[in-house]
Amino acid sequence: MLLKMKKLMMTLTAVLAAALTTQAQVRPQVLGDRHAMIRVEQGKKYVLLPVQESEDIAAISVVNDKNDMQQRLNVKLSIDRVDYFVPYELKGARLLDIEFHGDRRQKGAVGEFVCWREMKFSDTFDTANREHFRPVYHHTPLYGWMNDPNGMFYKDGVWHLYYQWNPYGSQWENMHWGHSTSKDLVHWQAQPMALEPDWLGSIFSGSCVTKDDEVVAFYTSAGHHQMQSMAVSTDGGLTFKKYAGNPVLTTSDIADFRDPKVFWNEDIKAWNLILAAGQEMRIYSSRDLKEWRYESAFGKEYGNHGGVWECPDLFKIGDKWVLLCNINPGGPYGGSATQYFVGQFDGRKFTCESMPKVTKWMDYGKDHYATVSFYNAPKGRRTVLAWMSNWQYANQVPTKQFRSANSIPRDLGLFRHGEETYVSVLPSEEMMAVRGEKVKKPTEACEIVVDTKTNTEIVLSNTKGEQVTMKYDGQQQRFSMERVKSGDVSFSEAFPCVTEAPTLGVVKQLRIFVDRCSIEVFDAEGKMAMTNLVFPSEPYNMLKVKGGKATIYEIKM
């Protein structure tokens, strides 16, 4: 009995000690009705910051032992409840100087805020999945907000994906470059932060190229003005050193000047850079990646101009060139989307082969944006990823630990229909490698292959009465998806909708990829793609097909 009591006391002591190391209440120095300061507990790796998403931003200045401000971040610190925690790695910090915004008269005294009771110093941060809607086989950040894919390249058998990341909340703010790697485009490994803001500004979207043994990143420094900067990695893209001569490209005539995509152009034996400038794309050339010469602009009167042009890409497929142009708003069903142009490029000027008013969309769903391609993909492939959300509601979707996923990888090609050349979109070959056994009913992560007839209706549903209805009309050559009753649609009036796409010919087979919060549909020949988010309270486990035959495969991970 004494031995058992001794073991019990030792266990309780260990538990208490662990609790004290991570749950000791922070004691703020209140300096005013909007201002407080806390001293950092030395020897700990992180401070775990409690977030309340409905609150205003608190500006946190991190001060080191030399009284220098080493970083500034914006966090929605908790006032009366905690939605989740985010970690800040202390790295020599001594003080956190915190200024609250908003009307404090409605919030009470600063010293009584919940954040002081819940804020913790810790050596660890738990990233175990706590989300019902976290995808099974799509890339997501471990925590925090993610939007545009950035800097993607392939080297030595590894696919590198950087992305716009807020590590201090699950809504847009504090733009960094997060980083993940994969050997198969499906299983992703989170890597340490790649680029963080500096005094030139936040780190907006950009690209990477490989040159000799270096990886060179180009990104937008978004401060008082948007400028293009450069950083170099000598360890394969894991860590970067920013170029001392930044910025490398500036302008004075427009505010929206961002998202540089750089590539080696073998036709002219030089580097090209294309970036977004308001509602056009500007093209530059360089011999050394440092000095850039303006060549031309493209976009006036071409395609859709319902919003700001962003995240361009320019690449060759066969004997033609494709210019990707992401736009927000202005998408076919509201919000953000990806349009493209096909033509020729001589290293200086892009010439579109279509009439100016022709608009071509890469995906007709609501949730496919910021599409860009991997640099140096193997076997001459043009492989792309997109951000799987929409700016109309991306900050409000019903997840908290993280927000947003990437689409499955897709390979692009070209095909003709009528008098026009279009970009074909197919699931990358890596998706076949994760196709598992045939199953009788849909699961939370599966691929459904439907052999279609002239008119086919596909209904995915669950026992809660939630459903998604897809229809193919062969006579009209149209495909549609309705998600009005798909599950939780309450967070935005823009979410419940029906999206519709031209099929540009007869569809013989559809490939439908279902994950916990998304449905991606492809014509098996690549002539049509549609991506939509869904948030069912339980997985869709019933399938009805009228006018067609379905085969269901599990996705094995």
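No other residue among E310, E291 is among the acidic types (D, E) and loosely packed, with under 15 Cβ neighbours inside 10 Å apart from E291.
Can you say whether D451 is farther than 15 Å from V186 by Cα and either of a type in the set (D, E) or touching a helix residue (DSSP H, G or I) at 6+ places or on another chain (Cβ under 6 Å) (or both), as far as the supplied structure shows?
On the way: farther than 15 Å from V186 by Cα: yes; either of a type in the set (D, E) or touching a helix residue (DSSP H, G or I) at 6+ places or on another chain (Cβ under 6 Å) (or both): yes.
So D451 passes the test.
Identify all residues within the stretch 146-164 that are charged (D, E, K, R) and under 12 Å from the mean Cα position of the chain (by Cα); write none if there are none. Walk me through it before giving the result.
Here is the first cut: in the stretch 146-164, the ones charged (D, E, K, R) are 148, 155-156.
Passing the criteria: only D148.
Tallying residues that are farther than 30 Å from P135 by Cβ and either within 21 Å of the chain's Cα centre (by Cα) or charged (D, E, K, R) (or both) within the stretch 181-215 yields 6.
Please tell me if K527 is in contact (Cβ under 8 Å) with a residue 24 or more places away in the chain and more than 20 Å from E131 (Cβ to Cβ).
Details: in contact (Cβ under 8 Å) with a residue 24 or more places away in the chain: yes; more than 20 Å from E131 (Cβ to Cβ): yes.
Here the answer is yes, as K527 does meet what is asked.
Only one residue in F402, F415 is open to solvent by 20 Å² or more (accessible area, probe 1.4 Å), modelled with pLDDT of 95 or more and touching a strand residue (DSSP E or B) at 6+ places or on another chain (Cβ under 8 Å), so which one is that? Lay out the reasoning, then the answer.
On the way: F402 fails: open to solvent by 20 Å² or more (accessible area, probe 1.4 Å).
F415 is the lone residue from the list that is open to solvent by 20 Å² or more (accessible area, probe 1.4 Å), modelled with pLDDT of 95 or more and touching a strand residue (DSSP E or B) at 6+ places or on another chain (Cβ under 8 Å).
The sole residue among D256, D319, D267, D288 that is charged (D, E, K, R), closer than 19 Å to G151 by Cα and modelled with pLDDT of 95 or more is D288. Filter the stretch 418-442 down to the residues that are open to solvent by 50 Å² or more (accessible area, probe 1.4 Å) and not aliphatic (A, V, I, L, M) and list them by number. Correct list: G418, E419, E429, R435, E437, K438, K440, K441. Among the residues of the stretch 116-138, those identified as closer than 26 Å to K91 by Cβ and crowded, with 16+ Cβ neighbours inside 10 Å are W116, E118, M119, K120, F121, S122, F125. Note on the stretch 43-56: residues that are open to solvent by 10 Å² or more (accessible area, probe 1.4 Å), in contact (Cβ under 8 Å) with a residue 24 or more places away in the chain and closer than 18 Å to P87 by Cβ total 5.
Residues checked against (1) open to solvent by 10 Å² or more (accessible area, probe 1.4 Å); (2) in contact with a Leu (Cβ under 9 Å, 6 or more places away or on another chain):
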position	(1), (2)
T499	no, no
V506	yes, no
Q509	yes, no
F513	no, no
S518	no, yes
F522	no, yes
N532	no, no
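Does I268 satisfy the condition of being out of contact with any Leu (no Cβ under 9 Å at 6 or more places or on another chain), over 23 Å from L385 (Cα atoms) and hydrophobic (A, V, I, L, M, F, W, C)?
Details: out of contact with any Leu (no Cβ under 9 Å at 6 or more places or on another chain): yes; over 23 Å from L385 (Cα atoms): yes; hydrophobic (A, V, I, L, M, F, W, C): yes.
Answer is yes for this residue.
If only one of K66, K91 is free of Cβ contacts under 8 Å to residues at least 60 places away in the same chain, among the basic types (K, R) and on the phi > 0 side of the Ramachandran plot, which one is it?
None of the others qualify; the one that does is K91.
Filter the stretch 163-178 down to residues that are within 12 Å of K76 (Cβ to Cβ) and touching a Ser or Thr at 6+ places or on another chain (Cβ under 8 Å), then give me how many there are. Full working, then the answer.
Initial filter on the stretch 163-178 (within 12 Å of K76 (Cβ to Cβ)): 166, 168-174.
Next, only the ones that are touching a Ser or Thr at 6+ places or on another chain (Cβ under 8 Å) stay: 170, 174.
Residues meeting the conditions: 2.
The residue that is farthest from K316 (Cα to Cα), among those in the stretch 242-262 that are open to solvent by 20 Å² or more (accessible area, probe 1.4 Å) and in a strand (DSSP E or B), is K242.
When you look at Y302, is it hydroxyl-bearing (S, T, Y), in contact with a Lys or Arg (Cβ under 7 Å, 6 or more places away or on another chain) and either over 25 Å from Y163 (Cα atoms) or in contact (Cβ under 8 Å) with a residue 24 or more places away in the chain (or both), yes or no? When the stated conditions are applied, Y302 does not pass them.
Going through the stretch 378-390 one residue at a time, which ones are touching a residue at least 12 places away in the same chain (Cβ under 8 Å) and either part of a strand (DSSP E or B) or surrounded by fewer than 20 Cβ atoms within 10 Å (Cβ to Cβ) (or both)?
Of the residues in the stretch 378-390, the ones touching a residue at least 12 places away in the same chain (Cβ under 8 Å) are 378, 381-390.
P378, R381, R382, T383, V384, L385, A386, W387, listed by residue number.
Out of the residues in the stretch 505-557 that are of a type in the set (G, A, S) and over 27 Å from the mean Cα position of the chain (by Cα), which is farthest from Q476 (Cα to Cα)?
Checking each candidate, the answer is A550.
For the stretch 520-533, the set of residues classified as of a type in the set (V, I, T) and closer than 11 Å to K366 by Cα consists of T531 only.
Quick check on V397: is it touching a Ser or Thr at 6+ places or on another chain (Cβ under 8 Å) and either open to solvent by less than 50 Å² (accessible area, probe 1.4 Å) or modelled with pLDDT of 95 or more (or both)? Break it down stepwise before answering.
Numbers: touching a Ser or Thr at 6+ places or on another chain (Cβ under 8 Å): yes; either open to solvent by less than 50 Å² (accessible area, probe 1.4 Å) or modelled with pLDDT of 95 or more (or both): yes.
In short, yes.
Given the condition hydrophobic (A, V, I, L, M, F, W, C), more than 27 Å from G201 (Cβ to Cβ) and either at pLDDT below 95 or more than 30 Å from the chain's Cα centre (by Cα) (or both), answer yes or no: does some residue in the stretch 80-89 qualify? Within the stretch 80-89, not a single residue is hydrophobic (A, V, I, L, M, F, W, C), more than 27 Å from G201 (Cβ to Cβ) and either at pLDDT below 95 or more than 30 Å from the chain's Cα centre (by Cα) (or both).
Residues that are at negative phi, in a loop (DSSP other than H, G, I, E, B) and touching a residue at least 24 places away in the same chain (Cβ under 8 Å) were ranked within the stretch 206-241; the one that is most open to solvent (accessible area, probe 1.4 Å) is H225.
The values are calculated or read from the model by the stated rules, or taken from the named source; none is laboratory data. Note that the structure is a prediction, hence the values are computed from the model and not measured. Here Cβ is always computed from backbone atoms with ideal geometry, including for glycine, and neighbour counts include all displayed protein chains. Please note that ligands, DNA and RNA were not included when accessible areas were found on the heavy atoms of the full protein model with its side chains. Shrake-Rupley method; radii C 1.70, N 1.55, O 1.52, S 1.80 Å.
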